[in-house]
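Working notes, structure below.
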Amino acid sequence: MWLEGALAPMTHPATDPSSGNGAKPSPIRDGCARSASWRTEEKNYSLSYREVFLLGMKINKLKKRLSNKEKILLDAAMGTELQRKGVNTTLPLWSAEALISDPAIVKQIHIENILAGAEIITTNTFRTTNYTLKKKSKEKIAGELTGHAVLLAKEAIYESKIKKTIFIAGSVAPLEDCYRPDLTPPHEVLIKEHLKNVKNLKAAGVDFLLFETMITKVEILTLCEAAIKTNMPFAISFCCNQKGQLLSGEDLTYVIKKLEKYQPLFISINCISPTIVNPLISIMKKSTDLPVGVYANGDGNPDGRQGWCFHGLNQAEVYKYYAIEWFKSGVQIIGGCCGSNAFYISLLTNYLGKKT
């Protein structure tokens, strides 16, 4: 079975998964190899000089692949897949709850996606910010939860025993509800809170930041500012309506033009129905020469309590049909958002003829 052993604690020596077997122990992993509990003995998530060097090597490899117009597979959903597997995802913490209650399942989902063919996996850090955790009086553990989420992604790469390079994207969400642009805090709050989060992700060793489900210009540009201040590579993914606007009503073309000077790795759209993607791809392609990505929703729709409501439909084959059209239109990075899972990615892997 392809997931056999995914829930078992690690028994190998702590090594840096980005550099292959036999590497020297990593300070991030040393003392935190087992993910049976969310609390790790090692609290210092700062990187060694060697790890910083290796991260630079990895991001250059990603940049080269993007400049060569290669097609790259992103992973599928984390939060909704946790819910599908029976994990509590009650709002506002949503997927962050699993880092405390079910870290092994978080790692299992990463492994499923890697074995399905994903070349970029996204950390379970969508809701590990001080800002969100404060709503449940847990803001003091924001750094620790973020570090543990990144550790789980690194463990998944190691345990899946995949020889190709797997990139780790540090998920960064809007501070407030992804569908409520009217709740977006002012710039001074945004920069303060996002800088904390970005620094936590950088210290934990993500390859790049993925600002996803972005719905307002002010938060997008603030995040670009935070990335520049921390010297972190980043990509941006927008949540739009079919008119080519962010959910705030701001014009997508205008926003893209504003952020180009920050030189993101790529831009993307996510958390929307695949049925409205095509015109948005056209807008992105006409607005910039940056690489373009898409990760749309699978089965279901948003739910105000759990975060998602599944319809019980198998949408993977339908999604593949749309994704093939996106690839043909010049999209380079494709994955899945809410309601999708690793099976969606496996179908795209088979279509592209990629080896896992």
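The values are calculated or read from the model by the stated rules, or taken from the named source; none is laboratory data. All values reported here derive from a predicted model rather than from experimental measurement. Using ideal geometry, Cβ is built from the backbone for each residue, glycine included, and neighbour counts are taken over all protein chains shown.
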Are there any pairs with C-beta distances below 9 angstrom linking a residue in segment 242-255 that is at positive phi and modelled with pLDDT of 95 or more to a residue that is in a strand (DSSP E or B) and acidic (Asp, Glu), with the two at least 6 apart or on different chains, and if so which? Gly244/Asp251
Quickly run through segment 87-123 and pick out the residues that are under 19 Å from Met214 (Cα atoms), part of a loop (DSSP other than H, G, I, E, B) and in contact with a strand residue (DSSP E or B) (Cβ under 7 Å, 6 or more places away or on another chain). Leu91, Thr123
Test Val294 against the criterion of being β-branched (Val, Ile, Thr), in contact (Cβ under 8 Å) with a residue 40 or more places away in the chain and either in contact with a helix residue (DSSP H, G or I) (Cβ under 6 Å, 6 or more places away or on another chain) or within 18 Å of Ala169 (Cβ to Cβ) (or both), and give yes or no. yes
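For (1) part of a strand (DSSP E or B); (2) surrounded by 17 or more Cβ atoms within 10 Å (Cβ to Cβ); (3) free of Cβ contacts under 8 Å to residues at least 60 places away in the same chain, each residue gets a yes or a no:
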{"site": "Pro302", "(1), (2), (3)": "yes, no, no"}
{"site": "Asn314", "(1), (2), (3)": "no, no, yes"}
{"site": "Val318", "(1), (2), (3)": "no, no, yes"}
{"site": "Tyr321", "(1), (2), (3)": "no, no, yes"}
{"site": "Ile324", "(1), (2), (3)": "no, no, yes"}
{"site": "Gly330", "(1), (2), (3)": "no, no, yes"}
{"site": "Leu347", "(1), (2), (3)": "no, yes, yes"}
Taking segment 200-225 and keeping only residues that are buried (at least 24 other Cβ atoms within 10 Å of the Cβ), more than 30 Å from Ser273 (Cβ to Cβ) and among the aliphatic types (A, V, I, L, M), one is left with Ala204
What's the number of the condition Gly330 fails, among (1) of a type outside the set (Asp, Glu); (2) touching a helix residue (DSSP H, G or I) at 6+ places or on another chain (Cβ under 9 Å); (3) on the phi < 0 side of the Ramachandran plot? (3)
On the basis of being of a type in the set (Val, Ile, Thr), surrounded by fewer than 24 Cβ atoms within 10 Å (Cβ to Cβ) and farther than 20 Å from Gly143 by Cβ, does Ile228 make the cut? yes
Please state which of the following conditions Val292 fails to meet, knowing it meets all the rest: (1) within 27 Å of Leu82 (Cβ to Cβ); (2) out of contact with any Leu (no Cβ under 6 Å at 6 or more places or on another chain). (1)
Given Gln315, Gln332, which one is of a type in the set (S, T, N, Q), more than 23 Å from Lys286 (Cβ to Cβ) and under 22 Å from the mean Cα position of the chain (by Cα)? Gln315
Out of Leu259, Leu223, sole residue that is of a type in the set (A, V, I, L, M, F, W, C) and more than 30 Å from Lys107 (Cα to Cα): Leu259
Evaluation of Leu280 against (1) assigned to a loop (DSSP other than H, G, I, E, B); (2) of a type in the set (A, V, I, L, M); (3) at pLDDT 95 or above (one fails), failing number: (1)
Which of (1) of a type in the set (S, T, N, Q); (2) at pLDDT 95 or above; (3) in contact with a Pro (Cβ under 7 Å, 6 or more places away or on another chain) is the odd one out, the single condition Thr230 does not satisfy? (3)
